[in-house]
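Report on the structure given below.
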Amino acid sequence: MNWIALTGIYFVAWFISLLGTLPFGVERDENPEAGHDAGAPVKAMMWRKVAAATVIAGIITFSIWLVAELELVQQIGRAH
């Protein structure tokens, strides 16, 4: 598997991981000020979520690379 494919897999996995980590640790403001959204988090903690998404995407990408390198999954119609 070449590095371009791995880079694409990493970015897709990172984005999906980020979307998955966004809801964790969200605390809503019970008494929002006028003009503020009632569902907006008090403290978003985006750096933690970005770091978590980075680690998760790295694990997913490494797993896919390992499966491809060790040929644990055979392609359909591919004869050896």
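Can you find a residue in segment 44-67 that is in a loop (DSSP other than H, G, I, E, B) and either open to solvent by less than 70 Å² (accessible area, probe 1.4 Å) or touching a residue at least 12 places away in the same chain (Cβ under 8 Å) (or both)? Talk me through it step by step, then tell me what you get.
At the first step, the residues of segment 44-67 found to be in a loop (DSSP other than H, G, I, E, B) are 44-45.
Then keep just the ones that are either open to solvent by less than 70 Å² (accessible area, probe 1.4 Å) or touching a residue at least 12 places away in the same chain (Cβ under 8 Å) (or both); that gives 44-45.
Checked against the condition, which is being in a loop (DSSP other than H, G, I, E, B) and either open to solvent by less than 70 Å² (accessible area, probe 1.4 Å) or touching a residue at least 12 places away in the same chain (Cβ under 8 Å) (or both), segment 44-67 yields at least one hit.
Restricting to segment 28-43, name every residue that is in contact with a Pro (Cβ under 7 Å, 6 or more places away or on another chain) and either surrounded by 12 or more Cβ atoms within 10 Å (Cβ to Cβ) or of a type outside the set (Gly, Ala, Ser) (or both).
Arg28 - this is the single residue of segment 28-43 that is in contact with a Pro (Cβ under 7 Å, 6 or more places away or on another chain) and either surrounded by 12 or more Cβ atoms within 10 Å (Cβ to Cβ) or of a type outside the set (Gly, Ala, Ser) (or both).
Restricting to segment 1-43, count the residues that are in a loop (DSSP other than H, G, I, E, B) and within 23 Å of Leu70 (Cβ to Cβ).
The first filter runs over segment 1-43 and keeps only residues in a loop (DSSP other than H, G, I, E, B), leaving 1-2, 22-27, 29-40, 42-43.
Going one step further and asking which of them are within 23 Å of Leu70 (Cβ to Cβ), we end up with 1-2.
Number satisfying all stated conditions: 2.
The values are calculated or read from the model by the stated rules, or taken from the named source; none is laboratory data. None of these values were measured; they are calculated from a predicted model. Neighbour counts run over all protein chains shown; Cβ positions are idealised from the backbone, glycine included. For accessibility, only protein heavy atoms count, side chains too; no ligands or nucleic acids. Shrake-Rupley method; radii C 1.70, N 1.55, O 1.52, S 1.80 Å.
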